[in-house]
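Data block below; observations after.
The values are calculated or read from the model by the stated rules, or taken from the named source; none is laboratory data. Computed from a predicted model, the values in this text were never measured in an experiment. Ideal geometry is used to build each Cβ from the backbone, glycine not excepted, and the neighbour counts take in all protein chains shown. Note: accessible area is taken over every heavy atom of the protein model, side chains too, but ligands, DNA and RNA are not part of it. Shrake-Rupley method; radii C 1.70, N 1.55, O 1.52, S 1.80 Å.
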Amino acid sequence: MQQSFFNSHPLFDPLASRMRPQTLEEFAGQQHLLGEGKILRQLIERDQLSSMIFWGPPGVGKTTLARIIARRTGSSFIDFSAVTSGIREIKEVMTRAEQSRLMGETTILFVDEIHRFNKAQQDAFLPFVEKGSIILIGATTENPSFEINAALLSRCRVFVLQALETQELFSLLRRALTDPRGFGGQPVELPDELLRVITNFSNGDARIALNTLEMVVLNGEREGERVRVTRETLAQCLGSKALLYDKKGEEHYNLISALHKSMRNSDVQAAIYWLARMLEAGEDPLYVARRIIRFASEDVGMADSRAVQLAVSVYEACHDIGMPECSVHLTHAVTYMALAPKSNALYVAYEEAKKDALGMLAEPVPLVIRNAPTRLMKQLHYGEGYQYAHDSEDKLTDMQCLPDSLLGRQYYRPTGEGSEARVAERMQDIARWHAQHKKQ
């Protein structure tokens, strides 16, 4: 069937396709792998590639990077889908690759969604990978440790690709507006404020970012050749998730403040609402998870030390599965923090200690608790009189550990909330012991 002009001309390809990077210099993100001197960059530049697995979320450029590698190394590139191909297709491709190898040509076989292959299909690659007939580059959004056969995985190097940072996505969209392959041929009026909304909405996915940009430009208000994208246009295109929330603006800080203070006030319903407001507006779930970790020690603290463990576990869950699935994990954490007993004693303790530390930066460490690794230090009485607490029956000693000028300071004053009541009792026991064993 003959193709029409509209589906064959490059200008009518999707923006994400037109803006696909052609070189490492154009490639956005993954500086931990592709920055100057980084391991993958060196392997590409030296043409010392071996089979590898790209593991990362959608839209970070796994396919694009494989194509760039093939172009940079002068290799033949075969794009192979795990969804539509079986063992017969694998063997046919391998036969062609082996023939190319005998002709001195390297073949890079890119397998998208390699985790979808079953064991038999994955095993079909093994002899060709071992023999060097191909350089296999597999792409997966799933943990290779669980989804790739051990035999095949042991012959591949795993590179972890990360979701694009906000500034990387913003720069990518800015380039799409000026690049001739994008919208560089027409004047588009799209303020940075709205461009950041698209960036936030995309949640680290370059494909979503470019597709969204294309949609809002194509639906913008036309004034002759000029296209103007308004806040209303953006809201209509993005739908219910587009609450036009600027991660760098005042509303961002207002909402995280509302979440934090609702948890502090033990208001579960309000805390869940403010969490939903942030997530549905496109907030990075890891940012929220980091704030909850802080809250766990600042506002719950020793009243329930399990709060920190839960918060860290939820952060890891958000990192591993992302949105929208991790919304329930964050709800779990927010609800736990709101209902937990509250104590800010740790926060107060550090702030008071910090004030003393900054005002008394030259206070000497008492000789008795200094380390003495050399003979000279021992001659200078470093560590002299040190008492090893484990050697005493009560596991306590009467050594002085604070500088003279700070003797008697109390930074941490436990409350009677939750588990901290037991902490307060323990500290009282220790104080009584010291009173009884005080040196005359």
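Structure summary
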{"item": "Condition broken by L213, with the remaining ones in (1) outside any helix (DSSP H, G or I); (2) modelled with pLDDT of 85 or more satisfied", "result": "(1)"}
{"item": "Whichever residue in region 180-197 is within 27 Å of the chain's Cα centre (by Cα) and surrounded by fewer than 15 Cβ atoms within 10 Å (Cβ to Cβ) and, among such residues, is farthest from L238 (Cα to Cα)", "result": "D192"}
{"item": "Failed item, numbered, when V308 is tested on (1) within 25 Å of the chain's Cα centre (by Cα); (2) more than 26 Å from Q410 (Cα to Cα); (3) of a type in the set (V, I, T)", "result": "(2)"}
{"item": "Verdict on A176 being among the aliphatic types (A, V, I, L, M) and modelled with pLDDT under 85", "result": "no"}
{"item": "Test result for D123, in contact (Cβ under 8 Å) with a residue 24 or more places away in the chain, open to solvent by 10 Å² or more (accessible area, probe 1.4 Å), touching a Leu at 6+ places or on another chain (Cβ under 8 Å) and not polar (S, T, N, Q)", "result": "yes"}
{"item": "Leading residue by the ranking (surrounded by the fewest Cβ atoms within 10 Å (Cβ to Cβ)) among those in region 126-161 that are of a type in the set (K, R) and either within 26 Å of the chain's Cα centre (by Cα) or part of a helix (DSSP H, G or I) (or both)", "result": "K131"}
{"item": "Subset of region 404-440 [among the basic types (K, R), under 44 Å from the mean Cα position of the chain (by Cα) and not in a helix (DSSP H, G or I)]", "result": "R409, R413"}
{"item": "Neighbours by Cβ (under 7 Å, 6+ apart or cross-chain): first from region 144-166, closer than 13 Å to F125 by Cα; second of a type in the set (K, R)", "result": "N149/K119"}
{"item": "One residue from V328, V300, V348, V334 being of a type in the set (V, I, T), loosely packed, with under 15 Cβ neighbours inside 10 Å and either assigned to a helix (DSSP H, G or I) or in contact (Cβ under 8 Å) with a residue 60 or more places away in the chain (or both)", "result": "V328"}
{"item": "Complete set of residues in region 74-99 that are in a helix (DSSP H, G or I) and either open to solvent by 30 Å² or more (accessible area, probe 1.4 Å) or among the charged types (D, E, K, R) (or both)", "result": "I87, R88, E89, K91, E92, T95, R96, E98, Q99"}
